[in-house]
Each structure stands twice: as structure tokens, then as C-alpha cells.
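**Q** Sharing a structure here in C-alpha cells format.
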Amino acid sequence: MEKKSFFRLIQKNKIETLNNRLLIRILLCSTFFLSACDHFVEVDLPSSQLTANAVFQDKATANAAMVSIYAKMRDTGILSGNLSGMSNQMGNYTDELVYYGDVSGTPRDFYNNTILPSNGEISNWWSSSYNQIYAANAIIEGVSASTALTVADKNQFTGEALFVRSLLHFYLLNLYGAVPYITTTNYQQNKVAHRMPSAELYPRIIDDLELAVSLLPEAYISSDRVRPNKSAAMALLARVYLYDGLWAEAANAASYLINNTVMYPWETNLDNIFLKESSTTILQLIPRTDGQNTQEGETFIFTAGPPSLVALSEQLVNGFEPGDERKNHWVAAITNGTDTWYHANKYKEKSNTSSSLEYSILFRLAEQYLIRSEARAQQGDLIGAKEDLDKIRNTAGLAGTTAVSQQDILNAILQERKVEFFTELGHRFFDLKRANRLDEVLLPIKAGWNTTDRLLSLPESELSLNPNLNPQNPGY
């Protein structure tokens, strides 16, 4: 990470009184956490271990180490909003985007469903995720061993690190299938880690999140909601419960946020939802410097046709019901007088502004309504399910759903998620996968689609480093 961005993150968290010596110390420690291991199975003992341990004898340096993980999540790997991140790549992988870029670019492999085990993005997602998990584990271990931090500070940092560890393992599981669940910085253990099936992984993710919920405070420690609080952990927990088929638990967790109308009042203006101060934002990532906006805006917005990178697909644009205001507010049309293309217009800033207007949202309240709607439908509470579904529909200017049966309501929820969460962190892929609809939807429109594409390839570089990760996923 370059010094400019690192120092800005420190300043954003009000660590403004540190002297130059302490700043250098933070930078060295942060560099250790973020780059000590190219792979999570690194076999050499990191040479900067003693320097890293010193981080946790000071709240400011421990805080900077935690903040640096969020910066890494923003800039590299699956959660990044750039061309290499999951919002773009999984949009190309499904029916959300059409790729117009370089024929040799990795998005082309995702768009054509021609991903090989040697694909650089597959390897980058894996290694960057486990690198960030390693950093979270270092914080958990360092905080636990600290003799200087207060109990409140220990709870905050441990809760945040558990949240990060859970979030990244959740995405790895749903992208790659069985993966290792890494909970230590011990290289001897990590270099021989085994993959775990979802039946073992989900309970581990849930345990970490439930502990995070118990440790994190109700209030945000930053006014711009860029650090997780109890509600952020609960939002992820609601999603994990839903994916794991724990319907009652998912509904209850979602209700925790929905019922907190003081902290999360509902927003009816669609143009406000993706602003940095939106009341429905649960957690977001701050840009590198003030005046920058989101990488998603840079990736998806174009001003002339044909697009140089990606455009929204015909299937998505035509998927909005007549009168759906999301199409008017969250989709923009670009024409050259002959042809018309469409881009995602949720984030409306492509370039810098005098001060940042938009941050990259990781969790927002609309998802909690649709989680509860689906969980209620699965439990047979069809009236409650329709009420939650209609909350989203009515905000979009649509009448209440006409679905009646349980299956019709579940289909309506899937459709609603399609037009609510397009180009947001792979929701479409995960939803089709959960509903066992990938083949039905993608086989007719994706020439390269295969049933085995429900899982990404394991990186061949990782398989060669750790034979315990074998066998390769089917189809590769």
C-alpha cells in the first residue's frame, strides 16, 4: 500500500497525534500483515514477527493494522469494485453483463465461461482472500496476547477481525466449494490445511459471527459506517443463516436490523441509497483518498458507445417490470445515434469530486427485507413474506406482488433480488446457485456454460503447493 493512502486511513480514524517514529512503525507492521505471505501456506517464518507483536501494545497501531485490512479488501481481491473484483467478474459470469473489453482480459474468460485452473484472477482471489484472513488472524492472536489494550478495545478489534474472517470464508465457500477454514497464523498448520465441506464450514462461520455479535458494540466507532458494529455482523449472520437453510434464525437476525428504525430508517428516494450517508447502509468501504468515489463507478459507468469494458445485458435491462423506478434511477442509457447500451447507474460518480460522495456498500437494509421474506416463505409464513417483498417493490414504484403459493412467492423474491442487487458483489450468481436455477437460466444464453461451472476452479498453483487441497473441482 502506498504511503499516501495509508496515512490518509490513519488520519480518517483520527490517529493524528503520532510522531514520525510511530508512523514508520505502523507502516512496517501494516506491511507485514498485508504482504508477509504470498500464499496462506507460506512455509518460512515471517522475519518481522517481533515487529508485528509490538503493534498490539498500542491502541493506535492496532487500530491502524485493522484499518489496513479494509484498505486491502477495497483495493484487491473479491470485494474490490474494480474490473478484477467480484461485482464485475461474476456479473460477466452470469446474465448481468456483456463484456466489450480486451479479448485477452480475464473478464473475457468469465464472460465466455472458459476459466482454467491457471487463470490469474482465480489465483488472485484465492491468495488475496487468504492473505486478508491471515491478517485478521494475526489481529485476533495479537489482541489476545496484548497486555496493554483495554477489554473494550480487545472486544472491538477481535470482533472486527472475526467478522472479516467470516466474510471472506463465506465468499470462498460459495465460489470454490469446499475450502480450508484458516484460524491461525501458524504456518506449519496452514501449509497442510485440508478443504472442508459446507456442512463443516457453515457452523464455523456461524460460530465466529455469533462471537463477533457478542463482542462488537451497538454503535459504530466511525460516523461513516466503515467499521463493522453489532448490526453489520448480524447482517452477515442473517445471510449465512439463509444460505445454510436456517430459516427461523435468518428471519430473526434480519428482524434485528429491520426493527432498528432509529439507526436504519427506511429510504424511499432511490437516488439517495448509494450515497455515502445513506440511512440504509449497514457497512461500506471508504475510498483511498477524499474526493475519490467508488471503483464500481469507474468500472461500470461509460459516457460513449460502444462500451470499452462492460454494459448491462439485454436480459437484465428487459427484466424490469413496467413502472419499476429502479430502471429509471439505477440504469443509464448511452446511444451513438444508432445503437443503445446501458450501464449500472447505482453509483453515479465515475470521477473525483471535491469531496467523496459515494462509498462502496457491502451491506444494505434492502437485503435484510428480502432475507426475511425468503426465510418467512420457507417457513410457510406467506403473508409476512409478501409484506417484506412488497416493502422493496413499493419503494421501486411497483404494486404489491400477485404471487400466492409458496413457490410463486419464492420465484418472485428471486426476481426481486435480480433487479435490486444487480452488479453488487455477485448476488445474482449466488442466488441462482442457491435456487438450483443456474443451468435453467444460463444454458440458453451462455454458449460456454456447463453444469460444473457452479464452482470455480481451484488455482493450480495452490494445488501444487498443498496436495491436501486435491482433488480439483469437477469440470477442470
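The values are calculated or read from the model by the stated rules, or taken from the named source; none is laboratory data. Values in this document were obtained by computation on a predicted structure and should not be read as measured data. Glycine also receives a Cβ, built like all others from the backbone with ideal geometry; neighbour counts cover every protein chain displayed.
**Q** In the set L357, L389, L410, which member is crowded, with 22+ Cβ neighbours inside 10 Å, not β-branched (V, I, T) and not in a strand (DSSP E or B)?
**A** Working: L357 fails: crowded, with 22+ Cβ neighbours inside 10 Å; L410 fails: crowded, with 22+ Cβ neighbours inside 10 Å.
Being crowded, with 22+ Cβ neighbours inside 10 Å, not β-branched (V, I, T) and not in a strand (DSSP E or B) holds for just one of L357, L389, L410, which is L389.
**Q** Pairs only if they're at least six apart or on different chains, beta carbon under 7 angstrom, first in region 299-321 and without any contact (Cβ under 8 Å) to a residue 40 or more places away in the chain, second buried (at least 16 other Cβ atoms within 10 Å of the Cβ) and among the basic types (K, R); list them, first residue then second.
**A** none
**Q** Checking L116 against (1) in contact with a Leu (Cβ under 9 Å, 6 or more places away or on another chain); (2) within 15 Å of S457 (Cα to Cα); (3) aliphatic (A, V, I, L, M): exactly one of these is not met. Which one?
**A** Every listed condition holds for L116 apart from (1).
**Q** Does R454 satisfy the criteria of being within 22 Å of G319 (Cα to Cα) and basic (K, R)?
**A** No, not satisfied.
**Q** State which residue pairs qualify: first residue within 17 Å of L285 (Cβ to Cβ) and of a type in the set (S, T, N, Q) and inside region 356-375, second residue at pLDDT 95 or above and part of a strand (DSSP E or B) in any location, beta carbons under 7 Å apart, and separation of 6 or more residues or different chains.
**A** S356/D290; S356/Q292; S360/Q284; S360/L285
**Q** While we're on this one: Please determine, by comparing only the residues of region 250-289 that are in contact with a helix residue (DSSP H, G or I) (Cβ under 7 Å, 6 or more places away or on another chain) and within 18 Å of T353 (Cβ to Cβ), which one is surrounded by the most Cβ atoms within 10 Å (Cβ to Cβ).
**A** I286
**Q** Still on this structure: Filter region 207-230 for residues that are aliphatic (A, V, I, L, M) and crowded, with 18+ Cβ neighbours inside 10 Å; which is nearest to D290 (Cα to Cα)? Give the derivation first.
**A** Residues of region 207-230 aliphatic (A, V, I, L, M): 209, 211-213, 215-216, 219, 221, 226.
Adding the requirement that they be crowded, with 18+ Cβ neighbours inside 10 Å leaves 209, 212-213, 215-216, 226.
Values: L209: 31, A212: 30, V213: 30, L215: 30, L216: 27, V226: 14 Å.
Residue satisfying both the conditions and the ranking: V226.
**Q** Just one of (1) part of a helix (DSSP H, G or I); (2) closer than 20 Å to L432 by Cα; (3) more than 27 Å from the chain's Cα centre (by Cα) trips up A403, so point out which.
**A** (1)
**Q** Let me ask something else. Can you name the residue in region 62-98 that is over 22 Å from D224 (Cβ atoms) and polar (S, T, N, Q) and, of all such residues, is surrounded by the most Cβ atoms within 10 Å (Cβ to Cβ)?
**A** Once the filter is applied, the top-ranked residue is T94.
**Q** Go through region 108-146 and count every residue that is part of a helix (DSSP H, G or I), of a type in the set (G, A, S) and either crowded, with 19+ Cβ neighbours inside 10 Å or touching a strand residue (DSSP E or B) at 6+ places or on another chain (Cβ under 9 Å) (or both).
**A** 7
**Q** Then there's this: Looking only at residues that are under 20 Å from the mean Cα position of the chain (by Cα) and either under 15 Å from Q415 (Cα atoms) or modelled with pLDDT under 95 (or both) in region 363-386, which one is surrounded by the fewest Cβ atoms within 10 Å (Cβ to Cβ)? Explain how you work it out, then say what you get.
**A** Residues of region 363-386 that are under 20 Å from the mean Cα position of the chain (by Cα), as a first pass: 363-372.
Those still in the list that are either under 15 Å from Q415 (Cα atoms) or modelled with pLDDT under 95 (or both) too: 366-367, 369-371.
Working: A366: 20, E367: 23, Y369: 23, L370: 24, I371: 27.
Here the answer is A366.
**Q** Hey, can you tell me all the residues within region 214-242 that are part of a helix (DSSP H, G or I) and more than 23 Å from R434 (Cβ to Cβ)?
**A** Passing the criteria: S214, L215, K230, S231.
**Q** Mind counting the residues in region 207-224 that are small (G, A, S) and modelled with pLDDT of 95 or more? Step through it out loud before you land on a result.
**A** Here is the first cut: in region 207-224, the ones small (G, A, S) are 212, 214, 219, 222-223.
With the extra rule that they be modelled with pLDDT of 95 or more, the set shrinks to 212, 214, 219.
The total comes to 3.
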